[in-house]
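The values are calculated or read from the model by the stated rules, or taken from the named source; none is laboratory data. What you are looking at is a predicted structure, and each value in this text was computed from that prediction instead of being measured. Positions of Cβ are generated from backbone atoms using ideal geometry, with glycine treated the same way; all protein chains shown enter the neighbour counts.
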Amino acid sequence: MADFKLTINNKKGLSVQRELKAPQSGALIGKKIGEKIDGALIGLSGYEFELTGGSDDCGFPMRKDVPGTRRKRILAVKGVGIKRKLGKGIKQRKTVCGNTVHESIVQVNLNILKEGKDDLGFKEPEKKQKKEKPAKEKKETPKEEKKKEEKPKETPKKEDKKPEAKKEEKK
């Protein structure tokens, strides 16, 4: 029997990971994506889960539309295991795992349908609080004070380019 890493998601979008050892992991083998699982089978009484996916020992994701337990190379446009790198409508050939849990599956993803009494340990992510700095009054340095006191000097106006025009006339 295989050990599974369970990734359990709740309705708030938070997740928690649990380790499922060999005697209890046998309850998941043969289950398909989309099936409901009683929490008592995996040691969490009162809970009800839905199997939403997983990945095998080589990292290939399980896909709902691929039947069986083996890996298969599929031609797909979008969905699990497909990143949209190419243009719209272009198909990619990718290797994915079937929709049935088997012994080479390492990670199993579950969604909570019904909550039990036990706390699974969902923690809210800590939000970084911006420290509000008190508004400081800007103190002017002595140089800035002098600049304000001094009046800007008037720049002399440049004369029109008449001297150049005179040179052209001489030629």
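Name the strands (runs of 3 or more DSSP E) wholly within the stretch 16-88 that hold at least 3 residues that are over 14 Å from Asn111 (Cβ atoms)?
71-76
Go through the stretch 46-76 and give me each residue that's within 15 Å of Ser25 (Cα to Cα) and either of a type outside the set (Gly, Ala, Ser) or surrounded by fewer than 19 Cβ atoms within 10 Å (Cβ to Cβ) (or both).
Phe49, Leu51, Asp56
Here's the yes/no breakdown for (1) in contact with a helix residue (DSSP H, G or I) (Cβ under 9 Å, 6 or more places away or on another chain); (2) modelled with pLDDT of 85 or more; (3) hydrophobic (A, V, I, L, M, F, W, C):
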position	(1), (2), (3)
Asp57	no, yes, no
Gly87	no, no, no
Val96	no, yes, yes
Leu110	yes, yes, yes
Asp118	yes, no, no
